[in-house]
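Take a look at the structure set out below.
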2 protein chains.
Amino acid sequence: MNAPSKLALVPFVSVENMMRLVHHNGLDAMLIRIADAIEQDFLRWDQFDKTPRVASHSDVGVIELMPTSDGEMYGFKYVNGHPKNTAEGLQTVTAFGLLADVHSGYPVLLSEMTLLTALRTAAMSALAAKHLAPKGATTMAMIGNGAQSEFQCRAFQAICGITHVRLFDTDAAATQKCAKNLENSGLHVATCKTAEDAVTGAQIITTCTADKQNATVLTDNMVGAGVHINAIGGDCPGKTELHSDILHRSSIFVEYPPQTRVEGEIQALAEDHPVIELHEVFSGKTTGRTDDKQITLFDSVGFAIEDFSALRCIKDAIKGTDFYIDLDMLADPDDPRDLYGMLNRAK
Amino acid sequence: MNAPSKLALVPFVSVENMMRLVHHNGLDAMLIRIADAIEQDFLRWDQFDKTPRVASHSDVGVIELMPTSDGEMYGFKYVNGHPKNTAEGLQTVTAFGLLADVHSGYPVLLSEMTLLTALRTAAMSALAAKHLAPKGATTMAMIGNGAQSEFQCRAFQAICGITHVRLFDTDAAATQKCAKNLENSGLHVATCKTAEDAVTGAQIITTCTADKQNATVLTDNMVGAGVHINAIGGDCPGKTELHSDILHRSSIFVEYPPQTRVEGEIQALAEDHPVIELHEVFSGKTTGRTDDKQITLFDSVGFAIEDFSALRCIKDAIKGTDFYIDLDMLADPDDPRDLYGMLNRAK
């Protein structure tokens, strides 16, 4: 059998290679690089094909496809969300993604995205906070200390200059795990016994819990004037984290309204409740934070363009490295009309 | 670095392994097996989540995601369609697909689907014809002799008992290629200089051309009473093959009306033009062919359930074989909440 042609091969970044790539470049550098790529892509917002993700819901979770294209490159992510998985020793979220050339339709990169989603979600949060959080913020409350929590802390450290994090989780073991993982990060870490304790003195409050239900992680009295709330966990229908009173006091910033209205915290609000699109803040078309007393809220659900940005970072980052393998994923006969002949000759 | 856990590994069937698998089992047997799986899945139509595919169109082609789920297993296919690719030495259609466990959201199979799509498209056509074509049909006209053509001929031979094929393509070289590839198939092959010649004496007419435009491969006078038309190439908006007069004389059978009305031959007809869903024919709820003079038309566009059926065939077929490799595609730390710790320990 002949070796497959070069066109038939798609570079694949495994989990192991993604970890090697992150360590090779440094986690801080990767988070900054991904945040920069997201910001660049949000600045050319109108170039992208945008559509809410395509979700397949079951009783226990959701599987989603998140496609987008800038007209040159097409990308999509496969991602699941199964809150009950943790109790079974599985990841709540696993993901992989693909980039393809719009001109030929041929895939050009396949990558694990469980780790990469953790990086891009943290990078996106920190990027939003860079534009929205009060100037000089040093302390972040981190409520929910699961798989995403350390990445959030590290991204806010690298991108927003956060020096202190205050951790809380309803499961103390999760908080201990998070604190231990951050030991040599340079962050000052406080472990807290209540959410009220965690938010004390914090200029930024990040909520990142995973229950598939409408929860109230933050109540109104816990949110003082001037804070920035980074609400990560409310990300599918029926899954929210904040009491609606907080939403009514906040300026609400979103990625892509048609998706956030269905999946985000604002699913609790009227359909025409005013929200501000983050790309307009990044471009300067709209002002983000207008005064010191304002509560800013990033109602994060995760949008396809962020995955696209992360994937193109990886495509660039693996160039000239051995952090990938080539997969024989595409049939590419010498004569494109002779697929059958290729099969026949392989006998 | 520790080896990834078993849960992190996803079996991957490359193009080379797909070809080995097909030859190991035999092409006829694979076509029959896939057709049987499609028929079984169409018989439990109501169990499936159904949605038209999610298409991203550009000037030169389309990239589509085709998801579906039966509540136990989730599947999707990535597929492009770029008619201009052939002139550049590339495949018009390339594809890959994935199956995942709905309960955990974890992928369980990744497979090339360029070849597999060719197999399932042919299997689906032959399956429809088994229910719709006139009894005792022996001769098929094959108009359009590109990458899909030999698979169509072989599937109609294996599943419908076709013994004679009459080939025509506007490019005589494509016809020669197709004829040569079918040399040892057991089929009697006639090469024709016109479409009119090809349809002479044929009880089944298959059209499978790839131009992204409204073409007229068949005109009304070429279609006699009683034939079955298997129209493959009209499969995206603005791309059809048949003169609308033929549609008005035919009983039209489709896979999934919401998709076919946008993509199929019937995009030329009124939105409420009557069509019959194939799954109702397979289940006996509706009669397919009712008399000898009736023109039956399968307006094939390709539906996600067919890919699902093909993928579950492959998942079964690779069991106990070495026709796959395991890909380290999912991050699966010992403690599912400790993704960051897994990354840290990999340093």
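The values are calculated or read from the model by the stated rules, or taken from the named source; none is laboratory data. As the structure is a prediction and not an experimental result, all values here were calculated from the model. FYI the Cβ positions are ideal-geometry reconstructions off the backbone, even for glycines, and counts take in every protein chain you see.
Brief remarks follow.
- Just so you know, in segment A:117-138 the residues that are touching a strand residue (DSSP E or B) at 6+ places or on another chain (Cβ under 7 Å) and assigned to a helix (DSSP H, G or I) include one that is nearest to the other protein chains (Cβ to nearest Cβ), and it is A:Thr117.
- For B:Ser244, the stated conditions do not hold, so it cannot be described as over 17 Å from the mean Cα position of the chain (by Cα) and at pLDDT 95 or above.
- Annotation note: of B:Asp338, B:Asp316, the sole residue that is among the acidic types (Asp, Glu), within 14 Å of another protein chain (Cβ to nearest Cβ), out of contact with any strand residue (DSSP E or B) (no Cβ under 7 Å at 6 or more places or on another chain) and free of Cβ contacts under 8 Å to residues at least 24 places away in the same chain is B:Asp338.
- Filtered residues of segment B:3-28 (kept if in contact (Cβ under 8 Å) with a residue 60 or more places away in the chain, more than 9 Å from chain A (Cβ to nearest Cβ) and over 16 Å from the mean Cα position of the chain (by Cα)): B:Ser5, B:Leu9, B:Pro11, B:Val13, B:Leu21, B:His24, B:Asn25
- When A:Ser104 is tested against (1) free of Cβ contacts under 8 Å to residues at least 12 places away in the same chain; (2) more than 27 Å from A:Glu72 (Cβ to Cβ), just one condition goes unmet, and that condition is (2).
- Options B:Leu7, B:Leu21: the member that is at pLDDT 95 or above, over 28 Å from B:Leu278 (Cα atoms) and either surrounded by fewer than 23 Cβ atoms within 10 Å (Cβ to Cβ) or in the same structural domain as B:Val254 (by TED's automatic domain parsing) (or both): B:Leu21
- Applying the set (1) under 18 Å from B:Ala215 (Cβ atoms); (2) within 14 Å of another protein chain (Cβ to nearest Cβ) to B:Phe151 leaves exactly one unmet item: (1).
- Selection status of A:Ala158, among the aliphatic types (A, V, I, L, M), surrounded by fewer than 24 Cβ atoms within 10 Å (Cβ to Cβ) and not in a helix (DSSP H, G or I): no
- Listed here are the helices (runs of 4 or more DSSP H) enclosed by segment B:254-347 that have at least 3 residues being modelled with pLDDT of 95 or more and buried (at least 24 other Cβ atoms within 10 Å of the Cβ): B:304-317.
- Residue count, segment A:100-121 (criterion: hydrophobic (A, V, I, L, M, F, W, C) and more than 24 Å from B:Asp332 (Cβ to Cβ)): 3
- Single match in A:Ala174, A:Ala202 (criterion: within 23 Å of the chain's Cα centre (by Cα), part of a helix (DSSP H, G or I) and either under 19 Å from A:Ala118 (Cα atoms) or not aromatic (Phe, Trp, Tyr) (or both)): A:Ala174
- Output for segment B:122-145, where each listed residue is surrounded by fewer than 24 Cβ atoms within 10 Å (Cβ to Cβ) and either under 26 Å from B:Phe96 (Cα atoms) or of a type in the set (Gly, Ala, Ser) (or both): B:Gly136, B:Ala137
- Filtering segment A:219-234 for residues that are touching a residue at least 24 places away in the same chain (Cβ under 8 Å), part of a helix (DSSP H, G or I) and within 16 Å of A:Val301 (Cβ to Cβ) leaves an empty set.
- Counting the residues of segment A:154-182 that are more than 10 Å from chain B (Cβ to nearest Cβ) and of a type outside the set (Gly, Ala, Ser) gives 14.
- The residue that is farthest from the other protein chains (Cβ to nearest Cβ), counting only those in segment B:94-111 that are out of contact with any Pro (no Cβ under 9 Å at 6 or more places or on another chain) and under 15 Å from B:Met66 (Cβ atoms), is B:Gly97.
- Restricting attention to segment B:99-139, the residues that are under 20 Å from B:Asp299 (Cα atoms) and of a type in the set (Val, Ile, Thr) total 3.
- From B:Phe42, B:Phe48, residue being within 20 Å of B:Leu119 (Cβ to Cβ) and touching a residue at least 24 places away in the same chain (Cβ under 8 Å): B:Phe42
- All positions within segment A:258-282 that are within 17 Å of the chain's Cα centre (by Cα), of a type outside the set (A, V, I, L, M) and closer than 24 Å to A:Ala210 by Cβ: A:Gln259, A:Thr260, A:Glu263, A:Gly264, A:Glu265
- In segment B:82-111, the residues that are small (Gly, Ala, Ser) and under 19 Å from the mean Cα position of the chain (by Cα): B:Ala95, B:Gly97, B:Ser111
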